[in-house]
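The values are calculated or read from the model by the stated rules, or taken from the named source; none is laboratory data. Source: prediction; values computed, not measured. Backbone-built Cβ (ideal geometry, glycine too); neighbour counts: all protein chains shown. Accessible surface is based on the protein model in full, side chains and every heavy atom, while ligands, DNA and RNA are left aside. Shrake-Rupley method; radii C 1.70, N 1.55, O 1.52, S 1.80 Å.
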Amino acid sequence: MIKPVQDSRSEKISFADQNLLKFLCGEHDRNLKLIEKLEPVRIRPWGNHLTVTGEDIAVSRVLRLLTQLYSIMGKGWQMHISDFEYAHRILSEDINYDLARIFMDTVFISSKKRVITPKSIVQRQYIEAMRHADMIFAIGPAGTGKTYLAMAMAVSALLDKKVQRIILTRPAVEAGERLGFLPGDLAEKVNPYLRPLYDALYDMVDMEKASTLINKGLIEVAPLAFMRGRTLNDSFIILDEAQNTTPEQMKMFLTRLGFNSKAVVTGDITQIDLPADKSSGLVQASNILKKISAVRIVNFSQLDVVRHPLVADIIAAYAVWDTGNKTEKKK
């Protein structure tokens, strides 16, 4: 039960389409029950009405959430329960935010009929940056969609013939970039390190079509060491796990950019696997290039994590622990 408080209020909201309201509420009102877990409110459905009772600010947020999602669903958008969590997270950051700007902003429709859209305000800023800039840095924790959205934009650009090829690269830190001694061809040697890029690719394009594109050279996967000496024209280039590049490797990569090409650099500066005596090329580059207007730097936080909700809690817990450890060491 919601305990009565001084600023408690109750608001009734009506919906014209009762069938659409059923989808908004979810089977056995599961969407409403989720919202009640997210906010200190109680929601009572009755006919084509919903009554929301609780703390003043919570009621205001829930009313905006319900009315906006109802409107978006009325435009043909199919809501999943995870969408309610994402929408709530966005309105928790900015109660006046127009959710349609995110949910109706389709990045890519995959061959598997999956619509890929941003799930947070920062994700939308990231997509806008990729649309308008030729060099983008995406920095933030795991699970924020940095690589996945970059891949979606790359595949969309390739299929729309805006670029002639996609180049996927990643530093193979564990192998020290010395891949020549390993058995197999280039793809087999670097496959374990590039697996997350393959996973994102196969989620958007069926495996047979992806294999065809790879065999034709329209999609290329290569370790960062193999980028040296090349000029990459008409390409969408993704450098993943860039926190594990050295400053020399990062400079080498950034200077490969050719005409009509776009480079997206992604990484998590809290998970640097380089030896202690090596500095991160991603950290250095983001500091050096931050004043260049043509370079966009997008910073994600645990608020943008779109994996299991527990992942955001884990990231936040580690951040607190790291801060405490640094404080203890200073003492």
Exercise for review: Would you please give the FRET efficiency between residue 251 and residue 132, computed as 1/(1 + (r/R0)^6) with r the Cβ-Cβ distance and R0 = 22 Å, to the nearest 0.05?
Suggested key: 0.35
Check your understanding: Given the pairs 33/119; 75/290; 33/146; 146/290, which are separated by over 28 angstrom at their Cα positions?
Key -> 75/290; 33/146
Revision key, fill the gap. Averaged per residue, the 1.4 Å probe accessible area of the chain, protein heavy atoms only, in Å², is roughly 53 Å²
Check your understanding: Using a 1.4 Å probe on the protein chains only, how many percent of the accessible area of the chain belongs to carbon and sulfur?
Key -> 52 percent
Practice item. Please give the helix 121-132 orientation as an angle from the longest Cα principal axis of the chain, in degrees from 0 to 90, rounded to the nearest 10. Key: 40 degrees
Check your understanding: What nm distance separates the two modelled labels at residue 78 and residue 269, each placed 7 Å from Cα along Cα→Cβ?
Key -> 4.1 nm
Review point. Which distance in nm do the two modelled labels at residue 13 and residue 287 give, with both placed 7 Å along the Cα-to-Cβ direction?
Key: 4.6 nm
Check your understanding: Which value, in debye to the nearest 20, describes the size of the charge dipole of the chain about its Cα centre when Lys and Arg Cβ atoms bear +1, Asp and Glu Cβ atoms bear -1, and nothing else is charged?
Key -> 400 debye
Revision key, fill the gap. So, for the Cα atoms of the stretch 116-158, Rg and Dmax in Å stand at 9.7, 27
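Kindly provide the helix-only [θ] at 222 nm of the chain, computed as the sum of -39,500 (n - 2.57) over DSSP H runs of four or more divided by all residues, to the nearest 500 deg cm²/dmol?
That comes out to -13500 deg cm²/dmol.
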Check your understanding: Tell me, what is the percent relative contact order of the stretch 48-118, built from C-alpha pairs under 8 Å that lie six or more residues apart?
Key -> 23 percent
Study note, to complete from the structure: Beyond 26 Å, the calculated P(r) of the stretch 1-153 holds a percent of Cα-Cα pairs equal to 32 percent
Review point. Percent relative contact order of the chain, based on C-alpha pairs within less than 8 angstrom and at least six residues apart?
Key: 17 percent
**Study point:** Pairwise centroid distance, computed over Cα atoms, of the stretch 243-293 with the stretch 58-135, Å
**Key:** 30 Å
Check your understanding: Which of the aspartates and glutamates could a cross-linker bridge to residue 262, judged by Cα under 19 Å and excluding same-chain residues fewer than eight apart?
Key -> 128, 134, 160, 220, 234, 240, 241
Point to revise | Angle between the chain longest axis and helix 146-159 axis [Cα atoms, degrees, rounded to 10] | key: 70 degrees
Exercise for review: Amide H neighbours of residue 135 under 5 Å, at least 5 residues apart or on other chains, H built in the peptide plane: list them.
Suggested key: 263, 296
